[in-house]
Amino acid sequence: MSRYDSMDDKLAEFAGLLRGNGVRVSIAETLDALRAAEVTGLAGREAFRAALRATMIKRSAELPVFEELFEVYFSGLGEVIKQASDAVQNALSMSDKEFQKFLEDIEKMLKREGKDLSELSRNLIQNNSGELERMIREAARSVALEGIERPIEENYFTRALARQLGLEQVEAEINELRERLEKMNLDSAFKERLDEYLERRFRALDAIIRRYVKMEREKRDLKQRENERLNQLGEKSFLYLSEEEVRKMNEAVTRLAQRLKNAITVRRKRAKRGRFDIKRTLRQNLDCGGVPFKLRFEKRKREKPQVVILCDVSDSVRNASRFMLQFVHSLQDLYSRVRSFVFVSEIGEVTEHFRNHDAKEALDAALNGNVINVYEHSNFGAAFRGFVGDHLGSVNKRTTVIVLGDARNNYNLPHDWCLRDIKGRAKRIIWLNPESRTTWGFGDSEMDVYSRHCDVVEECRNLNQLYRVVDKLSAG
């Protein structure tokens, strides 16, 4: 195996590790990273790190994940093997030049006395770090080491990896070689030093295996910690996010949207062929004596849903509206059409902003007063009247209308007849309220009035609740 073949495997595995921890890395970016690595080489660690960072990372928020995974992975097995070799050299009190000469003498001795040694024993004794790493990685794949998740599994995988490598055979071969040293025509000082070297090298291999298993488990821990961080952030109320949490939430929305998109795509592919049709199957198999060799399924025509979003962007719920718009537009290719409107008192459409700009620019335009006056007092009734007067034609029997708002109308007329008219044309109306249910209908809240015309009314105070709502929406 060439150095670059090995690098191909390493970078492909590292890209997979990044993707598993929420960093989006395409095949093209992985190829760019490989070409950059060929230029920098592995000797200059910081240049190599910078090359991978420049080709694989697109967003500053992904840098901490990259840095942590780079340290775990590229300070990984190769570095552990090197440290073990250095430890043996230091224990023998040899300089680099002396150690190199010692290894050359060992190689000459093995050509005469080590013909029966296994490949692993020979690579271990000759300090062939590259081949040693390759053999350990191959054995790790054979025992599915990537499946390790908990600290309690470390002992099991350590034993499995040792068995796969044939550690007992290596120990027996090294012990036999040490016994034969006395009969060899070698310098006594060299014999003594070689005997100590063989003992230390075997102990080093055992330590390498244990450390490698521990490191692989720590990689899984990174992914688990990232999922826990997302879950904790997902439970935080939209109403109480700090500026730093808003920034982190933007990244979390993107990752959760991608996760949901993948799940929905798989679900739709499985559902595409429809349910098993027993009558057609029996008819098609009459010539086979009724044995169902040819299965038939109901033909199912599934149309992608249409979505119209009405988002309250007043100060009290602006964060919730931001993430709702970002979430739905991250998934817009799952729908046949998405139209988005924002309101405080007047209502304005922001669909084109999301179609022609990236998410950040579109959200800024929607929330910063470029489309409507965001500094007015909330007036849901006026906004709904504006929508019915100007945009009711955008709603049909395939349209799901989503309203996100707290329904606090500042004691203005609710004009709930507008929702009644929208419901008469729509497939369904879903209202998401970022306030606690216990506050609905109190004070200037018109939630009890508006909810009469909605098919679904949900509390939507955090990202996890939003995720579940959009999941249900996409299902049908």
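The values are calculated or read from the model by the stated rules, or taken from the named source; none is laboratory data. Treat the numbers as computed from the prediction; the structure is a model and nothing was measured. Counting neighbours? That spans all protein chains shown, and the Cβs are built from the backbone with ideal geometry, glycine included. Note: areas computed on protein heavy atoms with side chains; ligands, DNA, RNA excluded. Shrake-Rupley method; radii C 1.70, N 1.55, O 1.52, S 1.80 Å.
Structural remarks
- In this simple spin-label approximation, Thr439 and Arg337 carry label points 7 Å from Cα along the Cα→Cβ vector, and these lie 3.5 nm apart.
- For the range 404-472, fraction of C-alpha pairs farther apart than 14 Å, in %: 58 percent
- For the pair Glu119 and Lys183, a Förster radius of 35 Å applied to the C-beta separation gives a FRET efficiency near 0.90, rounded to the nearest 0.05.
- Residues whose amide H falls under 5 Å from that of Ile309, counting only those 5 or more places apart or on a different chain, are Arg339, Ser340, Phe341, Ile402, with hydrogens built in the peptide plane.
- Annotation: extensible slack from Asp448 through Glu176 equals 89.4 nm (criterion: 0.36 nm per residue apart, minus Cα-Cα distance).
- Those residues of the range 47-76 whose amide nitrogen sits under 11 Å from the label point placed on Lys82, 7 Å along Cα→Cβ: 74-76
- Inter-site label distance for Lys101 and Glu361 at 7 Å from Cα along Cβ, in nm: 6.8 nm
- Estimated FRET transfer efficiency when R0 is 35 angstrom, pair Arg428-Lys58 (beta carbons, to 0.05): 0.40
- Separation of the alpha carbons by more than 18 angstrom is noted, of Lys111/Lys191; Lys58/Lys248; Lys111/Lys183; Lys115/Lys183; Lys58/Lys360; Lys236/Lys360, for Lys236/Lys360.
- For the range 33-167, the alpha-carbon radius of gyration amounts to 1.30 times the rule-of-thumb value 2.2 N^0.38 Å expected for a compact globular protein.
- Normalised by residue count, the range 356-410 yields a Cα convex hull volume of 128 Å³ per residue.
- The order of Thr400, Thr30 by accessible area, most exposed first and with a 1.4 Å probe, is Thr30, Thr400.
- Loop-resident sites, the range 132-193, for GluC sites (Glu not before Pro), counting at most 13 other Cβ within 10 Å (DSSP): Glu149
- Loop-located trypsin sites (Lys or Arg not before Pro) in the range 333-403 (DSSP state other than H, G, I, E, B) with a sparse environment of at most 13 neighbouring Cβ atoms within 10 Å: Lys397.
- By the rule of a C-alpha distance below 12 Å, with chain neighbours fewer than 8 residues away ignored, the aspartates and glutamates paired with Lys279 are Glu298.
- Note on the range 125-235: Kirkwood hydrodynamic radius from all Cα pairs is 16.4 Å, rounded to one decimal.
- Between Glu192 and Asn370, the distance separating the two model label sites (each 7 Å from Cα on the Cα→Cβ line) works out to 8.1 nm.
- Shape call, the range 343-455: gyration tensor on alpha carbons, a/c limit 1.5: oblate
- For Glu235 and Arg159, a Förster radius of 30 Å and the Cβ-Cβ distance give a FRET efficiency of 0.15, rounded to the nearest 0.05.
- Extension reserve of the Gln284-Ala50 stretch, reckoned as 0.36 nm per residue once the Cα distance is removed: 78.0 nm
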